[in-house]
1. If residue 135 satisfies every condition in (1) in contact with a helix residue (DSSP H, G or I) (Cβ under 9 Å, 6 or more places away or on another chain); (2) of a type in the set (Val, Ile, Thr); (3) at pLDDT 85 or above but one, which is the exception?
2. Take the conditions in contact with a His (Cβ under 9 Å, 6 or more places away or on another chain) and farther than 19 Å from residue 25 by Cβ and apply them to residue 124. Does it pass?
3. Tell me the residue from 54, 95, 61, 85 that is touching a residue at least 24 places away in the same chain (Cβ under 8 Å) and either surrounded by fewer than 17 Cβ atoms within 10 Å (Cβ to Cβ) or over 19 Å from residue 131 (Cα atoms) (or both), please.
4. Testing residue 84 on (1) modelled with pLDDT under 90; (2) in contact with a helix residue (DSSP H, G or I) (Cβ under 7 Å, 6 or more places away or on another chain), one condition comes back false. Which one is that?
5. Count, please, the residues in region 138-168 that happen to be more than 25 Å from residue 24 (Cα to Cα) and either in contact with a Leu (Cβ under 8 Å, 6 or more places away or on another chain) or not acidic (Asp, Glu) (or both).
6. Being among the acidic types (Asp, Glu), under 18 Å from the mean Cα position of the chain (by Cα) and within 25 Å of residue 154 (Cα to Cα) narrows it down to one residue among 109, 118; which is it?
7. Count, please, the residues in region 11-45 that happen to be among the polar types (S, T, N, Q), modelled with pLDDT under 85 and either under 21 Å from residue 72 (Cβ atoms) or within 13 Å of the chain's Cα centre (by Cα) (or both).
Amino acid sequence: KKGTALDHKNILSTIKHGGGNVMVWGCMAHNGVGNLEVINGRMTALSYIEALRRNLKSSARKLGLQDTYIFQQDNDTKHSANVTREWLLYNAPRRLRTPPQSLDLNPIEHLWHHLDQEVRNNHITGRDSLESTLIHSWNNISSNITKKLVESMPRRLEAIIKANGLHTRY
């Protein structure tokens, strides 16, 4: 239906391709991308916390971030589960709180799209090929891209406020 492409029900966080599909965890900052981890099986709140435990601090170090960085995620149920919120309270105390349907605010959604396009430009022959292509493509994302996405945050926040928490052009 026209105008509903950004509705939460129409957005998937997996990257699908003819060679299979995988769930990944990744993060970004102004100066580049952090770690990318392929998640085996279905992601739950507990497996999400494990991915954070393995990758969040090391990604922050890799990106040269101080402990004062602001952590942002969407409102997926794994992200908003009580166990996740408690873990984040002690491990990422500075978080950007967002409206329930706030994919517009999360600049990493644009990186997932970019990564999906990169994967589609490769000949994927199976899961191993998909995973290696994802990792290679992720590690080659330019800091110019992440810089532009992070610098768009003030405009994103302003747009979501003007839209009363509804979807925006972002």
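The values are calculated or read from the model by the stated rules, or taken from the named source; none is laboratory data. The model shown is predicted, which means the values in this text are computed figures rather than measured ones. Here the Cβ positions follow ideal geometry from the backbone for every residue, glycine too, while neighbour counts run over all protein chains shown.
1. Evaluating residue 135 over (1) in contact with a helix residue (DSSP H, G or I) (Cβ under 9 Å, 6 or more places away or on another chain); (2) of a type in the set (Val, Ile, Thr); (3) at pLDDT 85 or above leaves (1) as the failure.
2. It is true that residue 124 is in contact with a His (Cβ under 9 Å, 6 or more places away or on another chain) and farther than 19 Å from residue 25 by Cβ.
3. Just a single option satisfies the conditions, and that option is 95.
4. (1)
5. In the first step, residues of region 138-168 are kept if they are more than 25 Å from residue 24 (Cα to Cα); the result is 154-155, 157-166, 168.
Restricting the remaining residues to those that are either in contact with a Leu (Cβ under 8 Å, 6 or more places away or on another chain) or not acidic (Asp, Glu) (or both) gives 154-155, 157, 159-166, 168.
Final tally of qualifying residues: 12.
6. The conditions single out 109.
7. 2
Matching residues to (1) over 21 Å from residue 49 (Cα atoms); (2) touching a Leu at 6+ places or on another chain (Cβ under 6 Å); (3) part of a helix (DSSP H, G or I); (4) among the hydroxyl-bearing types (Ser, Thr, Tyr):
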residue: 93; (1), (2), (3), (4): no, no, no, no
residue: 97; (1), (2), (3), (4): no, no, no, no
residue: 110; (1), (2), (3), (4): yes, yes, yes, no
residue: 114; (1), (2), (3), (4): yes, no, yes, no
residue: 117; (1), (2), (3), (4): yes, no, yes, no
residue: 124; (1), (2), (3), (4): yes, yes, no, no
residue: 130; (1), (2), (3), (4): yes, no, yes, no
residue: 133; (1), (2), (3), (4): yes, no, yes, yes
residue: 136; (1), (2), (3), (4): yes, no, yes, no
